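The block underneath contains the structure these notes are about, expressed in structure tokens.
The values are calculated or read from the model by the stated rules, or taken from the named source; none is laboratory data. Predicted model only: the values in this text are computed from it and were never measured. Note that we place each Cβ from the backbone using ideal geometry, even for glycine, and neighbour counts take in every protein chain shown. Just so you know, the surface numbers come from the protein's heavy atoms only, side chains and all, with ligands and any DNA or RNA stripped out. Shrake-Rupley method; radii C 1.70, N 1.55, O 1.52, S 1.80 Å.
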Amino acid sequence: MHTFTLGTSGSVLTPLLISELKIQQCSEEENPEFWRSQAQKTLQSVLDRKLNTNVAKNILFFLGDGMGIATYTAARILKGQLQNQSGEETVMTMDTFPNVGLVKTYSVDFQIPDSAATATAYLCGVKTNLNTIGVSAAARNGVCKSQKGNEVTSILKWAKDAGKSVGIVTTTRVQHATPAASYAHSASRTWYSDADMPAAAKRDGCTDIASQLLKNTDIDVIIGGGRKYMTPTGTKDPEYPRDLSSWGKRKDKRNLIEEWQSLKTGKVAHYVWNKKDFDAVDPETTDYLMALFEPSDLRFEAERDPSMDPSIVETTEKAIRILQKNPNGFFLLVEGGRIDQAHHSGRASMALHETVAFDYAIAKGLELTKEHETLTVVMADHSHTVTLNGYPFRGQSILGKSPVWATDFLPYTTLMYGNGPGHKIINGTRPDIRNVDTKNKNYVQQSAVPTESATHSGEDVVVLARGPMAHLFQGVQEQNYIAHAMAYTACVGADLRHCQGLFMHSYPQVSLRSLPAYLLISFCLRFSLY
């Protein structure tokens, strides 16, 4: 029989005593028929599913940066508890996706990856090395010369070349690893502006990520942070004019915001940096939108000023409403990027609130699109070392403490990290957190190993899909497979077999390759819109 130490008295908690504790639960769950009926309903819904083999007019790709399965599960519980529910039985929007698979996240050179290598894999369809963006594994981290000739393009570009509108929405800076992989090629993910580049890289002809935002692909919607990488050194930030760290960084004296506006002459193009101007943008009359709400990354959801910065739900909605005017459809990347950054700081509460907000953005995406024509994919790029542990009672706060204490007669939280800044062993003893509010957004969970920043972890991550050809996102796959599966579904990029199969079924006498691009697109749209 297993026994556990409970409380400061060291009393023993046995399985028998556990069963006698008055745990709040719904009486219907004590009836076996409740679970049998629930299972039968679920079984029937699965049996009733029919494959959607349409061509995807639109692709909505939601990327939760650092949203490993432990984060996903814990966020589900938090979402329910924020609604005064027990939490464990809560249904996330993500939970409603019928097609689920696992993705292997390692990079070519590391067992555990970073966000640059993973983004290159799932956006460009090619695995690469740590810290590199939009280049193959033949390129070397930080070596400019090695990237020449090894550039790889992304599904965002493939979609644009196919006549679709494209956009990126992120809660980080728009030059950060995930969004950058959709448009940039860089031997280093840290070359945000020219001021971040070594002289040798500039001399060898490499360009910074921010400048590539304007140059490489004509992106219709750009929403996130990163103002300071777009303006010359000494340019005061409009929101924080007294904060020197928020001022422009560019040494080449280029104002990329003004250049972007000049490039859009003749189009309805809006640049905004605050919520008031953002809300005033009319999607029905807008061709292009660049919205940069912070000098660097956006504020965490728990710290966001609703009067100055829109939520990820609002930015997702605005992007979709602008992009969906294109009769050829769209590709939109939406990144919940600060899930990862909160985890790096060991702040689980902040990470989970970011994930809950991300799930609401997914719900908004589904609300604004039609499932028969829109492939919606949700996945994480990598995981984190956060764990759910102990034996918390049903309905106990996911941000709280385990009722079962450790052998050092001290409590510990349900959520902990394998490494990170929360390692605080003093004289061989862990901190006593009995009187500490572990639900506070700034609480740093304890960790087993001291590191300045919590690292990523290497287990597989989940991918979820619904819409046209969503059944392609099943099984255990390499991460680079995702880009190719999305492209196949929408007939963008090099593999047009999905369109060809549907077209040739009705018009066997016509060669698909002989069709003009506009005609090919119209046929694809026809088959996806019936």
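Scan the stretch 377-387 residue by residue and report those that are open to solvent by 10 Å² or more (accessible area, probe 1.4 Å) and part of a loop (DSSP other than H, G, I, E, B). Give the steps one after another, and end with the answer.
The first filter runs over the stretch 377-387 and keeps only residues open to solvent by 10 Å² or more (accessible area, probe 1.4 Å), leaving 385-387.
Thr385, the sole residue that qualifies.
Residues that are buried (at least 21 other Cβ atoms within 10 Å of the Cβ): which strands (runs of 3 or more DSSP E) entirely in the stretch 388-473 hold 2 or more of them?
Working: elements: 415-420, 447-450, 461-466.
Of the strands (runs of 3 or more DSSP E) lying wholly inside the stretch 388-473, those with at least 2 residues that are buried (at least 21 other Cβ atoms within 10 Å of the Cβ) span 415-420, 461-466.
Out of Asp161, Asp208, I need the residue that is of a type outside the set (Ser, Thr, Tyr), open to solvent by less than 10 Å² (accessible area, probe 1.4 Å) and more than 20 Å from the chain's Cα centre (by Cα). Which one?
On the way: Asp161 fails: open to solvent by less than 10 Å² (accessible area, probe 1.4 Å).
Checking each option against the conditions leaves just Asp208.
Evaluate the stretch 179-196: report whether one residue or more is open to solvent by 20 Å² or more (accessible area, probe 1.4 Å), more than 26 Å from the chain's Cα centre (by Cα) and at negative phi. Don't jump to the end; show me each part of the working.
Of all residues in the stretch 179-196, those open to solvent by 20 Å² or more (accessible area, probe 1.4 Å) come to 185, 189-190, 192, 195-196.
Then keep just the ones that are more than 26 Å from the chain's Cα centre (by Cα); that gives 195.
With the extra rule that they be at negative phi, the set shrinks to 195.
Yes: one or more hits.
Among the residues of the stretch 108-135 satisfying the criterion of being among the aliphatic types (A, V, I, L, M) and closer than 12 Å to Ser186 by Cα, which is surrounded by the fewest Cβ atoms within 10 Å (Cβ to Cβ)?
As a first pass, look at the stretch 108-135 and keep what is among the aliphatic types (A, V, I, L, M): 108, 112, 116-117, 119, 121, 123, 126, 130, 133, 135.
Narrowing further to those that are closer than 12 Å to Ser186 by Cα: 116-117, 130, 133, 135.
Numbers: Ala116: 28, Ala117: 29, Leu130: 17, Ile133: 36, Val135: 27.
By that ranking, first place goes to Leu130.
Pull up the stretch 62-82, narrow it to residues that are in a helix (DSSP H, G or I) and among the small types (Gly, Ala, Ser), then point me to the one that is surrounded by the most Cβ atoms within 10 Å (Cβ to Cβ).
As a first pass, look at the stretch 62-82 and keep what is in a helix (DSSP H, G or I): 69-81.
Then drop every residue that is not among the small types (Gly, Ala, Ser), which leaves 70, 74-75, 80.
Numbers: Ala70: 19, Ala74: 24, Ala75: 28, Gly80: 20.
Step by step, filter the stretch 62-82, then rank; the result is Ala75.
Can you tell me which residue within the stretch 336-376, out of those that are part of a loop (DSSP other than H, G, I, E, B) and crowded, with 24+ Cβ neighbours inside 10 Å, is nearest to the chain's Cα centre (by Cα)? Don't jump to the end; show me each part of the working.
Initially, the stretch 336-376 is screened for residues part of a loop (DSSP other than H, G, I, E, B), giving 337, 345-347, 369-373.
Restricting the remaining residues to those that are crowded, with 24+ Cβ neighbours inside 10 Å gives 337, 346-347.
Working: Gly337: 6, Gly346: 18, Arg347: 18 Å.
Checking each candidate, the answer is Gly337.
Scan the stretch 234-260 for residues that are touching a Pro at 6+ places or on another chain (Cβ under 9 Å) and surrounded by 17 or more Cβ atoms within 10 Å (Cβ to Cβ) and jot them down.
The first filter runs over the stretch 234-260 and keeps only residues touching a Pro at 6+ places or on another chain (Cβ under 9 Å), leaving 237, 239-240, 243, 245-255.
Asp237, Ser246, Trp247, Gly248, Lys249, Arg250, Arg254 - these are the residues of the stretch 234-260 that are touching a Pro at 6+ places or on another chain (Cβ under 9 Å) and surrounded by 17 or more Cβ atoms within 10 Å (Cβ to Cβ).
May I ask you to list pairs of residues, at least six apart or on different chains, whose Cβ atoms are under 8 Å apart, with the first in the stretch 133-158 being under 13 Å from Asn480 (Cα atoms) and the second being buried (at least 20 other Cβ atoms within 10 Å of the Cβ) and among the charged types (D, E, K, R)?
If the second residue must be buried (at least 20 other Cβ atoms within 10 Å of the Cβ) and among the charged types (D, E, K, R), the pairs left are Ala137/Lys127.
Quick check on the stretch 215-226. Is at least one of its residues open to solvent by 10 Å² or more (accessible area, probe 1.4 Å) and in a helix (DSSP H, G or I)?
Checked against the condition, which is being open to solvent by 10 Å² or more (accessible area, probe 1.4 Å) and in a helix (DSSP H, G or I), the stretch 215-226 yields at least one hit.
Looking at (1) closer than 27 Å to Arg338 by Cβ; (2) in contact with an Asp or Glu (Cβ under 7 Å, 6 or more places away or on another chain), can you tell me which one Val91 breaks?
Result: Val91 fails condition (2) only.
Regarding Glu88, is this residue touching a residue at least 40 places away in the same chain (Cβ under 8 Å) and over 23 Å from Leu323 (Cβ atoms)? Show your work before the answer.
Working: touching a residue at least 40 places away in the same chain (Cβ under 8 Å): yes; over 23 Å from Leu323 (Cβ atoms): yes.
Against the criterion (touching a residue at least 40 places away in the same chain (Cβ under 8 Å) and over 23 Å from Leu323 (Cβ atoms)), Glu88 qualifies.
For the structure I just gave you, tell me whether Ala119 is in contact (Cβ under 8 Å) with a residue 24 or more places away in the chain, among the hydrophobic types (A, V, I, L, M, F, W, C), closer than 19 Å to Asp460 by Cα and not in a strand (DSSP E or B). Even if it seems obvious, please write down each step before you answer.
Working: in contact (Cβ under 8 Å) with a residue 24 or more places away in the chain: yes; among the hydrophobic types (A, V, I, L, M, F, W, C): yes; closer than 19 Å to Asp460 by Cα: yes; not in a strand (DSSP E or B): yes.
So Ala119 fits the description; yes.
Please find, within the stretch 266-292, the residue that is surrounded by the most Cβ atoms within 10 Å (Cβ to Cβ) out of those that are assigned to a loop (DSSP other than H, G, I, E, B) and touching a residue at least 12 places away in the same chain (Cβ under 8 Å). Break it down into steps so the answer makes sense when it comes.
Quick first cut of the stretch 266-292, residues assigned to a loop (DSSP other than H, G, I, E, B) only: 266-268, 273-274, 281-282, 286-287.
Checking which are touching a residue at least 12 places away in the same chain (Cβ under 8 Å) leaves us with 267-268, 273-274, 281, 286-287.
Values: Lys267: 10, Val268: 13, Trp273: 21, Asn274: 17, Val281: 17, Thr286: 18, Asp287: 15.
Only one residue tops the list, namely Trp273.
Could you look through the stretch 474-501, keep only residues that are open to solvent by less than 30 Å² (accessible area, probe 1.4 Å) and without any contact (Cβ under 8 Å) to a residue 40 or more places away in the chain, and pick out the one that is farthest from Lys127 (Cα to Cα)? Write out each step before concluding.
Pass one, the stretch 474-501, residues open to solvent by less than 30 Å² (accessible area, probe 1.4 Å): 479, 482-483, 485-487, 489-492, 496, 498-499.
So of that shortlist, the ones also without any contact (Cβ under 8 Å) to a residue 40 or more places away in the chain come out as 485, 496.
On the way: Ala485: 15, Leu496: 22 Å.
Step by step, filter the stretch 474-501, then rank; the result is Leu496.
Hey, can you tell me all the residues within the stretch 25-47 that are open to solvent by 90 Å² or more (accessible area, probe 1.4 Å) and among the acidic types (Asp, Glu)?
Glu28, Glu30, Glu33
Check off (1) within 13 Å of Leu256 (Cβ to Cβ); (2) touching a residue at least 40 places away in the same chain (Cβ under 8 Å); (3) part of a loop (DSSP other than H, G, I, E, B) for Thr207 and give me the number that stays unchecked.
The number of the failed condition is (2).
Among the numbered criteria (1) open to solvent by 10 Å² or more (accessible area, probe 1.4 Å); (2) among the aliphatic types (A, V, I, L, M); (3) in a helix (DSSP H, G or I), which single criterion is violated by Ala138?
Tallying (1) open to solvent by 10 Å² or more (accessible area, probe 1.4 Å); (2) among the aliphatic types (A, V, I, L, M); (3) in a helix (DSSP H, G or I), Ala138 fails exactly one: (3).
So if I check each of Leu333, Leu263, which one is crowded, with 18+ Cβ neighbours inside 10 Å and in contact (Cβ under 8 Å) with a residue 24 or more places away in the chain?
Numbers: Leu263 fails: crowded, with 18+ Cβ neighbours inside 10 Å.
After applying the criteria, what remains is Leu333.
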